[in-house]
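Enquirer: Okay, here's the structure, questions in a sec.
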Amino acid sequence: MENKTLSLDEQFQNRIDNGDNIEAKDWMPEKYRKTHIRQISQHGHSEIIGMLPEGNWITRTPTLRRKVALLAKVQDEAGHGLYLYSAAETLGISREELNEQLNSGRAKYSSIFNYPTVSWADMGAVGWLVDGAAIINQVMLTKTSYGPYARAMVRICKEESFHQRQGYEIMLSLCNGTEVQKAMAQDALNRWWWPSMMMFGPRDEDSPNTEQSMKWKIKKKTNDELRQQFVDQTVPQAEILGITIPDKDLKWNEERGHYDFGVIDWEEFWNVVKGNGLMNDKRLKDRNEAWDEGKWVRDAASAYADKQATKRAKKTA
Amino acid sequence: MLQEKLYNYLLHLGDNSMILGQRLGELCGHGPELETDIALTNISLDLFGQVRNYFQAAAQLKGGDATEDSIAMLRYEHEYRNTYLVEQPNEDFAHVIARQFFFDVYHQLVLRELMKSKNETLVAIANKSIKEVDYHVDFSSTWIKRLGDGTEVSHAKMQTAVDTLWRYSMELFKATDTEIWAAESGVGADLDKLKPIYLERVSALLEEATLQLPENTVFQYGAKTGMHSENMGFILAEFQYMQRAYPNMKW
């Protein structure tokens, strides 16, 4: 028995090493399945919760053009949530379970969405920094070993890179505008910079799952490598905008060929992860209210569908 | 003079879509399920797309510094030409659907007339919008049936929403001077002609959904001439916030 299991595991690992995609019906180690359910559903939950901070500004956009773009963006996020939930479902978890895990607070989602969106410039900063950081993670995931997840990521990445450009373009308009607008942009950067840096997760030495994830190609680079890539990519963009990243230790390191940067406040990171951010309670409350208040609607839809099915059955009988 | 009349007619058309789109925008992320959330956001997106077309045309007519945004966001409350119906709040999903259905059936009828308008811009906008609004009618009609003929609870909620909102429906068909001009000049829809078709369609669908139109309704009129409900000030407070707080800036 022991030998057979081992050999299945080895065969499985060989497939991954050869660059094969693992599909829903293929044999997979239980841990692989569980890890993927957790990661894909967390990712899906992040898209769903991510609708709320941006949805917060839909009624207050400064122009009609911005309103249409923001509506479309939040709608894209709902769509991403749907693909990801569908990808998770292929591994044997239901939509009801996914919902329950999110609404009960048992499942995690990206902590970045527990920060508030307090000004219009936040719609720019979220697109530029948060979507920018997300893309760095997601581009890597287009090559991940689990087929349904990798394919969902290809589509999501295309839309996300559009969102990032849209966010950056909002920042550009503000920075090319009046002093008041530029100050609004600087304030948003001040608030979103460090939380965006935290999006890549704990330092490598505090990230025990990284090794297994690399083996399964859920990850191809470590948290710290991805974070460095984000900094290197973002600093020149901030220079073009003419606003200042709030890190006094940020400077180009000729020897490394990378920017050095300051120390992340990990206490804040863990506090928000554990539910003590400014918006954690509100985000979950909003989700739960929408779900609970929607129950009679969902019940009605299934009752109606049953009635229609009965009518059709009678007709054909 | 002619330009002013056409401008006012564009406001009638655009304001209904805009205020309804704004109401739907409030719901984003709060729908009863993900698919419905996406659909409502999509309808809002369609409506705002149409508003942009109407107000870009209006801005051209007005000339000077006018833009789609100054027309959308920098008027005073009494200058908005939307009906009471679209100002009504998102009380619950049944109200959202009843409001949408009462508007969609009207909207579809009006657009079909605008497709034959003597004004080419209106024809172009209507041709583009009708495809979207056909879907809106489909969406809200389906939900009226699901909720009306779903469970006891949903039936009761849907009937309450119909009873509450029906009183705002006939304002859609009470032509203002601008709308009378539009009908007579062949630019816009003849609302008198459309009203019986509307009543027939709405009644037929409600019947299919096991719902009833309330009897002896006292209809409410006034918003289209600028006398809005208490809702409107709050809608505009959010809608105009950025333009009022940070005037004369580019975004």
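Enquirer: Work out how much length A:Glu289 to A:Thr142 would gain on full extension: take 0.36 nm times their residue separation and subtract the Cα-Cα distance, in nm to one decimal. Could the numbers behind the result be given before it?
Expert: Details: separation 147, 0.36 × 147 = 52.92 nm, distance 3.39 nm.
Additional length available on full extension: 49.5 nm.
Enquirer: Sum up the charges of everything whose Cβ sits under 9 Å from the Cβ of A:Thr144, counting Lys and Arg as +1 and Asp and Glu as -1, but leave A:Thr144 out.
Expert: Net of charged neighbours comes to +4.
Enquirer: Quantify, in whole percent, the carbon and sulfur part of the accessible surface of the stretch A:36-151 (1.4 Å probe; protein heavy atoms only). Each step should come with its number before you reach the end.
Expert: On the way: 1620 of 2980 Å².
Answer for the stretch A:36-151 is 54 percent, counting heavy atoms of protein chains only.
Enquirer: Something else: Ranking request for peptides A:247-257, A:186-196: highest mean number of other beta-carbon atoms within 10 Å first, then the rest in descending order. Before the final figure, lay out the partial values.
Expert: Numbers: A:247-257: 10.4, A:186-196: 20.7.
Going from most to least packed, we get A:186-196, A:247-257.
Enquirer: Using amide H atoms built in the peptide plane, which far-off residues or other-chain residues are under 5 Å from A:Tyr146 H to H?
Expert: Here the answer is A:Ile22, since their amide H atoms fall under 5 Å of that of A:Tyr146.
Enquirer: Sticking with this one: Please give me the summed charge of the neighbours of A:Pro116: other residues whose Cβ is under 15 Å from its Cβ, Lys and Arg +1, Asp and Glu -1. Before the final figure, lay out each step's value.
Expert: On the way: positive: A:Arg60, A:Arg191, A:Lys282, A:Arg283, A:Lys285; negative: A:Glu54, A:Asp122, A:Asp187, A:Glu268, A:Asp281, A:Asp286.
Once positives and negatives cancel, what remains is -1.
Enquirer: Applying the Karplus parametrisation 6.51 cos²θ - 1.76 cosθ + 1.60 with θ = phi - 60° to the phi angles of the stretch B:55-69, what ³J(HN,Hα) value in whole Hz is obtained for each residue in order, glycine and proline being reported as x?
Expert: These are the phi-based 3J(HN,Hα) values: 7, 5, 5, 5, 5, 5, 5, 6, x, x, 8, 4, 9, 4, 6 Hz.
Enquirer: Normalised by the residues of the stretch B:114-251, what does the relative contact order come to in percent, with Cα pairs under 8 Å and at least six apart? Each step should come with its number before you reach the end.
Expert: Working: 102 pairs, mean separation 36.4, N = 138.
Normalised by residue count, the contact order of the stretch B:114-251 is 26 percent.
Enquirer: Per residue, how much accessible surface does the stretch B:57-153 expose to a 1.4 Å probe? Answer in Å², no decimals.
Expert: On the way: 3810 Å² over 97 residues.
Normalised by residue count, the accessible surface of the stretch B:57-153 is 39 Å².
Enquirer: Once Rh is set to the Kirkwood radius over Cα pairs, what Stokes-Einstein translational diffusion coefficient, in µm²/s, holds for the stretch B:2-245 at a temperature of 4 °C and a viscosity of 1.567 mPa s? The partial results should precede the final answer.
Expert: Details: Rh = 18.2 Å.
Using the Kirkwood radius from Cα pairs, D works out to 71 µm²/s.
Enquirer: Same structure again: Provide the per-residue ³J(HN,Hα) series for the stretch A:177-192, in order, calculated from phi with Karplus coefficients 6.51, -1.76, 1.60 and θ = phi - 60°, each as a whole number of Hz, with x at glycine and proline positions.
Expert: Here the 3J(HN,Hα) series is x, 7, 4, 4, 5, 5, 5, 5, 5, 4, 4, 5, 4, 4, 7, 9 Hz.
Enquirer: Just add up the charged neighbours of B:Val187: K/R +1, D/E -1, any other residue whose Cβ is under 14 Å from the Cβ of B:Val187. All intermediate terms of the calculation are to be shown ahead of the outcome.
Expert: Values: positive: B:Lys5, B:Lys116, B:Lys118; negative: B:Glu4, B:Glu113, B:Glu120, B:Asp177, B:Glu179, B:Glu184, B:Asp190.
Around B:Val187, the surrounding residues sum to -4.
Enquirer: For the pair B and A, how large is the buried accessible area, both sides, in square angstrom to the nearest 100, if the probe is 1.4 Å? Don't skip to the answer; put the middle values down first.
Expert: Working: alone 12400 and 16890 Å², together 25240 Å².
What B and A bury together is about 4000 Å².
Enquirer: Only loop residues by DSSP count here, and only those with at most 10 other Cβ atoms within 10 Å; note down the chymotrypsin sites (Phe, Trp or Tyr not before Pro) in the stretch B:1-94 that meet that. Don't jump to the answer; show the numbers that get you there.
Expert: Values: sites: B:Tyr7, B:Tyr9, B:Phe48, B:Tyr54, B:Phe55, B:Tyr76, B:Tyr80, B:Tyr84, B:Phe93; in loops: B:Tyr76, B:Tyr80.
Answer in residue order: B:Tyr76.
Enquirer: Where the centroid of each part is defined by its Cα atoms, how far is the stretch B:29-57 from the stretch A:255-317 in Å?
Expert: Centre-to-centre distance over Cα atoms comes out at 21 Å.
Enquirer: Can you tell me what the convex hull of the Cα atoms of the protein assembly as shown projects to on average, as an area in nm²?
Expert: Working: hull surface 127.3 nm².
Its average projected convex-hull area is 31.8 nm².
Enquirer: If you take the beta carbon distance between B:Lys193 and A:Ser161 as r and set R0 to 45 Å, what does 1/(1 + (r/R0)^6) give as a FRET efficiency, to the nearest 0.05?
Expert: 0.35
Enquirer: For the stretch B:28-168, take N as its residue count and report Rg(C-alpha) divided by 2.2 N^0.38 Å.
Expert: 1.17
Enquirer: Then there's this: So between B:Ser229 and B:Lys250, what do we pick up on full extension, going 0.36 nm a residue minus the alpha carbon distance? Mind showing how you got there, number by number?
Expert: Working: separation 21, 0.36 × 21 = 7.56 nm, distance 3.14 nm.
Separation in residues times 0.36 nm, less the Cα-Cα distance, equals 4.4 nm.
Enquirer: While we're looking at this one, here's another question. Which of B:Ile197, B:Gly150, B:Asn53 sits farthest toward the positive end of the charge dipole of the stretch B:2-245, with +1 on the Cβ of Lys and Arg and -1 on the Cβ of Asp and Glu?
Expert: Farthest along the dipole direction, towards plus: B:Asn53.
Enquirer: Set the Förster radius R0 to 56 Å, insert the Cβ-Cβ distance between B:Thr164 and A:Ala24 as r into 1/(1 + (r/R0)^6), and round the FRET efficiency to 0.05. Please report the intermediate quantities before stating the final value.
Expert: Numbers: r = 47 Å, r/R0 = 0.84.
E(calc), rounded to 0.05, equals 0.75.
Enquirer: Can you run phi through the Karplus equation (6.51, -1.76, 1.60; θ = phi - 60°) for the stretch A:86-98 and list ³J(HN,Hα) in whole Hz, with x for Gly and Pro?
Expert: 5, 4, 5, 4, 5, 9, x, 10, 9, 4, 4, 5, 4
Enquirer: In the stretch B:205-251, which GluC sites (Glu not before Pro) fall in coil by DSSP and have 10 or fewer other Cβ atoms within 10 Å? Display every interim value, and only then the final one.
Expert: Details: sites: B:Glu207, B:Glu208, B:Glu215, B:Glu230, B:Glu238; in loops: B:Glu215, B:Glu230.
Passing sites in the stretch B:205-251 are B:Glu215, B:Glu230.
Enquirer: For a Förster distance of 41 Å, can you work out the FRET efficiency between the beta-carbons of B:Gln220 and B:Met115, rounded to the nearest 0.05? Mind showing how you got there, number by number?
Expert: Numbers: r = 30 Å, r/R0 = 0.73.
According to the calculation, E is roughly 0.85.
Enquirer: Could you pull out every residue, at least 5 positions away or on a different chain, whose amide H is within less than 5 Å of the one on A:Ser110? Hs are placed 1.01 Å off N in the peptide plane, and Pro or chain starts have none.
Expert: It is A:Ser46, by chain and number.
Enquirer: In the stretch B:2-245, what percent of the accessible surface is made up of carbon and sulfur (1.4 Å probe, ligands and nucleic acids excluded)? List each step's numbers first, then the result.
Expert: Numbers: 4780 of 9760 Å².
Roughly 49 percent of what the probe reaches on the stretch B:2-245 is carbon or sulfur.
Enquirer: Let me ask another. Would you mind calculating the relative contact order of chain A from Cα pairs under 8 angstrom and at least 6 residues apart, reporting the percent as a whole number? Before the final figure, lay out the partial values.
Expert: Numbers: 321 pairs, mean separation 56.7, N = 317.
18 percent.
Enquirer: Then there's this: So which lysines pass the test for A:Lys25, namely a Cα distance under 25 Å, with those fewer than 8 places away in the same chain ruled out?
Expert: Those lysines meeting the cut-off are A:Lys4, A:Lys34, A:Lys143, A:Lys215, A:Lys217, A:Lys219, A:Lys220.
Enquirer: Right, next: What are the residues whose amide H is under 5 Å from the amide H of A:His258, where those residues sit 5 or more places off or on another chain and H is modelled from the backbone?
Expert: A:Asn253
Enquirer: Could you state the angle between the C-alpha long axis of helix B:2-25 and the longest principal axis of the C-alpha atoms of chain B, as a value from 0 to 90 degrees rounded to the nearest 10?
Expert: Here the helix axis deviates by roughly 40 degrees.
Enquirer: Expressed as a rounded percentage, what relative contact order does chain B have, with Cα pairs under 8 Å and six or more residues apart?
Expert: Details: 327 pairs, mean separation 61.3, N = 251.
This gives 24 percent for chain B.
Enquirer: Compute the label zone of A:Val180 within the stretch A:99-130: residues whose backbone N is under 17 Å from the point 7 Å along Cα-to-Cβ.
Expert: A:119-122
Enquirer: Ok, one more. Nearest 10 degrees, 0 to 90: what angle lies between the long axis of helix B:120-148 and the longest principal axis of chain B (Cα atoms)?
Expert: 20 degrees
Enquirer: Once you put a point 7 Å from the Cα of A:Glu267 and another 7 Å from the Cα of A:Ser104, both along the Cβ direction, what distance in nm separates them?
Expert: 3.3 nm
The values are calculated or read from the model by the stated rules, or taken from the named source; none is laboratory data. Please read these numbers as outputs of a predicted model, since none were measured by experiment. Cβ atoms come from the backbone with ideal geometry, glycine included; neighbour counts cover every protein chain shown. All accessible areas refer to the heavy atoms of the entire protein, side chains included, with ligands and DNA or RNA removed. Shrake-Rupley method; radii C 1.70, N 1.55, O 1.52, S 1.80 Å.
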